[in-house]
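Taking it in order: structure first as structure tokens, then the write-up.
Just so you know, all these numbers are worked out from the coordinates, no wet-lab data involved. This is a predicted model, so every value here is computed, not measured. Using ideal geometry, Cβ is built from the backbone for each residue, glycine included, and neighbour counts are taken over all protein chains shown.
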Amino acid sequence: MKINFVAFDSLGVKSSCTQVITPDVTITIDPGIADEVDSFPLPRRERYDLVGKYDERIRRACSKSDVVVITHYHYDHYICDRSKRMYGNKVLLIKHPEKMINHSQNGRAKEFLRVIKSLPKEIHFADGKQFKFGKTKVKFSKPLWHGPKGTNLGYVLMVSVKRGREKLLYTSDLDGPYLKSYADLIIGEKPTYLIIDGAASYLLGFIVSFRNFKKILQNTIRIIERTKCRWYVIDHHLLRDYRYPELYFEVFKRAKRLQKRVVTAAEMLGKNPMVLKAYRKNGPTRWLQWKDFSFPELNKLITGAKKNAKSKGS
């Protein structure tokens, strides 16, 4: 099994596009892209240039693929384009456009299916299903929350690709995961390789609470402790934040102690994460000071947030 990291946030674009090649089939997962958030320490022009560069790489990956997977309908996970290179004569395995889906994704899914029309060879709604291509098995989870339970971001599909003794598990946008049950689901899959999106820490203290952030760290550590992956790639949302090594301090500390390889997609390609390179070159954008997020330090922040909430309510 060969795994190609086509476009990722650690490379400087909003994406987690992954290509998997087995002797039976070539699969591209989530061929979408968008430019990075304004807190990303690159000038807007450079961010747009990176989108152009990796958009072409995504299209090239799809052109060489037999199967295209779309786990949900956020723009950094699919491209709505009547492109023969991307969708012509492909088998599409996609999130159901009407079941377990929020309003915005439902509208995008309908538009996507209208635009691509008869381009694909086949279209299958993949929620909770398994597919086989030769000796390669592609398995989808039931719809899972895109973040905490009840989030208005809707649902995503987790997908695994297995051939022989090798299995890649791609979690899609669980945003962490927040939920222990999702961590247990990942552990139960017994992956050989794991691609997991980290917390959206650039929203920490705003949309992402400190309490939930602590849960994400604990669940991530639980996954690392209870699985035997050859490598763990943590990327996507987390790699929009140049503070990520400090914010995931407890995760990296535990991984080091266990001698587990926990890295970004960029590091898998022998590169430094773009968010760190850009920060060192251009300096801070939003966060002027920060420090290692140990659990004792995080507990203080959670306590402070609770006191602040009570004072506002009184």
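In order along segment 194-206, the Karplus-derived 3J(HN,Hα) couplings, from 6.51 cos²θ - 1.76 cosθ + 1.60 at θ = phi - 60°, round to 10, 10, 10, 7, x, 4, 7, 5, 5, 9, 5, x, 10 Hz, and Gly and Pro are given as x. Label point 7 Å out from K300 along Cα-to-Cβ: which residues of segment 206-244 have amide N under 17 Å? 210-211, 214, by backbone N distance to the label point. Taken over the chain, the ratio of Cα radius of gyration to 2.2 N^0.38 Å equals 0.98. Beta bridges per DSSP, both residues in segment 111-266: antiparallel share near 60 percent. When D76, D197, D292, D175 are arranged by Cβ crowding within 10 Å, least crowded first, meaning fewest neighbours, the order is D292, D76, D197, D175.
For the chain, what is the percent of antiparallel DSSP beta bridges, rounded to the nearest 5? Numbers along the way, then the final one.
Numbers: 26 of 48 bridges.
Around 55 percent antiparallel, to the nearest 5.
Given a 10 angstrom Cα cut-off, can you work out which residue in K110, K180, K214 is the most mobile in a GNM of the chain? Highest fluctuation among the options: K110. Karplus-based coupling profile of segment 11-25, in residue order and whole Hz: 9, x, 9, 6, 5, 9, 5, 10, 10, 10, 10, 10, x, 9, 7, with θ = phi - 60° in 6.51 cos²θ - 1.76 cosθ + 1.60 and x standing for Gly or Pro. Put simply, the amide H of G12, placed in the peptide plane, has neighbours under 5 Å in M274, leaving out anything fewer than 5 places away on its chain. Annotation note: chymotrypsin sites (Phe, Trp or Tyr not before Pro) in segment 1-79 located in DSSP loop regions with a Cβ neighbour count of at most 13 within 10 Å are Y75.
Net charge around L157, counting only other residues with Cβ within less than 11 Å of its Cβ (Lys, Arg = +1; Asp, Glu = -1)? Once all neighbours under 11 Å are counted, the net charge is +1. Pick out which of P23, P43, P296 has the largest mean-square fluctuation in a Gaussian network model of the chain, springs linking Cα atoms closer than 10 Å. Result: P296 has the largest fluctuation of those listed. Ranked by how many other Cβ atoms sit within 10 Å of their own Cβ, fewest first, the residues L92, L301 fall in the order L301, L92. Among L204, L238, L93, the largest mean-square fluctuation in a Gaussian network model of the chain (Cα springs under 10 Å) belongs to L204. Taking every DSSP helix (H) stretch of at least 4 residues in the chain, weighting each as -39,500 (n - 2.57) and dividing the sum by the residue count yields a mean residue ellipticity at 222 nm of -10500 deg cm²/dmol. Our note on the geometry: Cα centres of segment 164-186 and segment 60-133, 21 Å apart.
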